[in-house]
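First comes the structure, then the notes that go with it.
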Amino acid sequence: MKQSARKAAQAATTAAIARQQRRRFLTRAAAGIAGSAVAAPAIAQAQASVQWRLASSFPKSLDTVFYPADLIARRVSEITDGKFQIRVFAAGEVVPALQVLDAVQNGTVECGHTAPYYYVGKDPAFAFGTNVPFGLNARQQNAWWYEGGGRDVMAELYKDYGVVEFNAGNTGAQMGGWYRKEIRSIADLKGLKMRIAGIAGQVLAKVGVVPQQIAGGEIYQALERGTIDAAEWVGPYDDEKLGFSKVARYYYYPAWWEGGPQLSLMINAKKFAELPKSYQSAIAAAAAESNVHMLARYDVRNTDALRKIVAAGALLRPFPRAVMEACEKAAFELYDELAQKSKHWARIYPVWKKFRDDQYLWFRVAEFGFDNFAYSRPAPKPAPAKK
Ligand code: CA
């Protein structure tokens, strides 16, 4: 008994000495005077102070699309005990709204928050990073990105621009926009000057629309001045804020070109590679949180906004089915043509199309069954819009 007690005491002493040595080592390491070349860099890196700038494509006043950038910056700072600071700049403060990718690529800023389809002029395949007409809804876009190989096939495109990308926000299905005149048939689209971004503009051009790419903060003026006849932006919450109902009466749905458009956190690949691994993970986690949160924010805020818009006199109209079918036909013709123009489109489109068709197969069953029954029931009497 005596012997075993002695052994236990010896073991306790040895452990205490080891703990003491370890504490001493850590204290010295933290002070940057560790003798070991192996442990020191890891500790020093975890405490590195990093200051980045983020350029957003959106104005602060649009607090739903602007929100992910703010959330990412705040969360990354919190996770790193304030060591990694990202300063967020609204559209136009550092670079114009539609030049965020360029600014990230050339290192003017380390990162940016934007809609990839703003850059279809560089390569049409950027559209897959946001949404392609008659494509995926928000759920399916997420499924493609996180689990369906979407992020991987797109990474090759981003690599050409020296960019690493994380999806960071989704609006959900959008509205089809504001029109001065009613759209009764495809003939009503002929010659219509419309603000619409990305590949959707090219689809609409095939059926006679004259598409214009205008940043979010500038649409109202263009519609008011009559530079354009129609404009689409997002959905009730933003559209109500921007006051479009004052300058166009007809509010159409759905945006068949944006069933679930995704936003992106684009990061200069060289700058990203310089980050400690833990900071890279902080960005990944914060971006994923922003992706979920932005969609939730829209779903909650759109409800009251839609009530206000209708109360203000806007006339809600579904696009006629014949118009949607003509646009769908034009869209898939365009997709075959784009494969001749872009090697990235040629590479990504077939895998995207297969993914879409598989998702449609599944969504036709439970999701559609649920939605179709739920929304075909009589709606409860609407509550008055909140002031
Ligand atoms: Ca839109």
In what order, largest first, do Val104, Val300, Val210, Val50 sit by accessible area if the probe radius is 1.4 Å?
Val300, Val210, Val50, Val104
Quick calc: nm separation of the 7 Å Cα→Cβ label points for Val351 and Ala187 -> 4.6 nm
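Before rounding to the nearest 500, sum -39500 (n - 2.57) across all DSSP H runs of length at least 4 in the chain and divide by the residue total; then give [θ] at 222 nm in deg cm²/dmol.
Details: 14 runs with 188 residues, N = 387.
Only helices count here, giving -15500 deg cm²/dmol.
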Once you sort the root eigenvalues of the Cα gyration tensor of segment 267-387 as a ≥ b ≥ c, which label holds: rounded (a/c under 1.5), prolate (a/b larger than b/c) or oblate (the other case)?
oblate
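At R0 = 41 Å, how high is the FRET efficiency between Asp152 and Ala311 if r is their beta carbon distance? Nearest 0.05 is fine. Please report the intermediate quantities before stating the final value.
Numbers: r = 46 Å, r/R0 = 1.13.
Between Asp152 and Ala311 the formula returns 0.35.
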For Val104, the net charge from surrounding residues (Cβ-Cβ under 12 Å; K, R +1; D, E -1) works out to 0
Dipole check, segment 277-387, charges on Cβ (K,R +1; D,E -1), about Cα centroid: among Ala311, Leu338, Tyr360 the Cα furthest to the positive pole belongs to Ala311
One would report the Cα pair-distance distribution of segment 236-285, bin width 5 Å, in %, as 4, 13, 16, 13, 10, 8, 10, 11, 9, 5, 1
Distance (nanometres) between label positions extended 7 Å along Cα→Cβ at Gln280 and Asp81:
2.2 nm
Once the dipole of the chain is set up with Lys and Arg at +1 and Asp and Glu at -1 on Cβ about the Cα centre, which of Gly82, Tyr298, Ala285 lies farthest towards its positive end?
Gly82
Give me the distance between the Cα centres of segment 148-202 and segment 270-298, rounded to whole Å.
23 Å
A student asked for the Cα radius of gyration and Dmax of segment 147-189 in angstrom ought to give 18.1, 45
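Dividing the Cα radius of gyration by the Kirkwood radius, what Rg/Rh value follows for segment 51-191? Numbers along the way, then the final one.
Values: Rg = 17.0 Å, Rh = 16.8 Å.
Radius of gyration over Kirkwood radius for segment 51-191 works out to 1.02.
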Largest-first principal axis extents of the Cα set of the chain (Å)
98, 48, 42
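I need the Kirkwood Rh of segment 52-109: take the reciprocal of the average 1/r across all distinct C-alpha pairs and report it in angstrom. It would help to have the intermediate numbers written out before the result.
On the way: mean 1/r = 0.0860 Å⁻¹.
Result for segment 52-109 stands at 11.6 Å.
Based on the Cβ-Cβ distance of Arg321 and Glu289, what FRET efficiency does E = 1/(1 + (r/R0)^6) give at R0 = 35 Å, to the nearest 0.05?
0.35
If you keep only loop residues by DSSP, which trypsin sites (Lys or Arg not before Pro) in segment 157-211 have at most 15 other Cβ atoms within 10 Å of their Cβ?
Values: sites: Lys159, Arg180, Lys181, Arg184, Lys190, Lys193, Arg195, Lys206; in loops: Arg180, Lys181, Arg184, Lys190.
Hits after loop and neighbour filter: Arg180, Lys181, Arg184, Lys190.
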Towards the positive end of the charge dipole of segment 171-261, with charges on Cβ (+1 Lys, Arg; -1 Asp, Glu), say which of Pro236, Gly191, Ala173 has the farthest Cα.
Gly191
Please find the FRET efficiency linking Tyr253 to Asp299, where r is the Cβ-Cβ separation and R0 is fixed at 25 Å, and quote it to the nearest 0.05.
0.95
Test of understanding: in a Gaussian network model of the chain with alpha carbons linked when under 10 Å, which of Ala374, Ala90, Ala173 would top the mean-square fluctuation ranking?
Ala374
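Let me know the charge dipole size of segment 138-200 about its Cα centre in debye, to the nearest 20, where only the beta-carbon of Lys, Arg (+1) and Asp, Glu (-1) is charged.
Values: 9 positive and 7 negative charges, 118 e Å.
For segment 138-200, the charge dipole is close to 560 debye.
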Cut-off under 5 Å, modelled amide H: who pairs with Val163 long-range:
Ala269
Sequence neighbours fewer than 8 away in the same chain don't count; with that in mind, list the lysines whose C-alpha is under 17 Å from Lys60.
Lys241
When N is the residue count of segment 213-298, what does its C-alpha Rg come to as a fraction of 2.2 N^0.38 Å?
1.49
Can you pull out the GluC sites (Glu not before Pro) in segment 164-218 that DSSP calls coil and that have at most 14 other Cβ atoms within 10 Å?
Glu182
Have a look at Asn167, Asn372, Asn142 and tell me which one the Gaussian network model of the chain (Cα, springs below 10 Å) gives the largest fluctuation.
Asn372
Of all GluC sites (Glu not before Pro) in segment 321-351, the ones in DSSP coil with at most 11 other Cβ atoms within 10 Å are none
Taking all protein chains as present, what is the carbon and sulfur share of the accessible area of the chain, in % to the nearest whole number, probe 1.4 Å?
55 percent
Among the listed pairs Lys246/Lys308; Lys308/Lys329; Lys83/Lys277; Lys83/Lys159, which have their C-alpha atoms separated by more than 24 angstrom in this model?
Lys308/Lys329; Lys83/Lys159
Less than 11 Å from a label point 7 Å out along the Cα-to-Cβ axis of Lys270: which backbone N atoms in segment 144-160 qualify, by residue?
none
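The values are calculated or read from the model by the stated rules, or taken from the named source; none is laboratory data. Just so it is clear, the structure is predicted and the values come from calculations on it, not from any experiment. Cβ sites come from the backbone with ideal geometry, for glycine too, and all protein chains shown count toward neighbours. Accessible surface areas use protein heavy atoms only, side chains included; no ligands, DNA or RNA. Shrake-Rupley method; radii C 1.70, N 1.55, O 1.52, S 1.80 Å.
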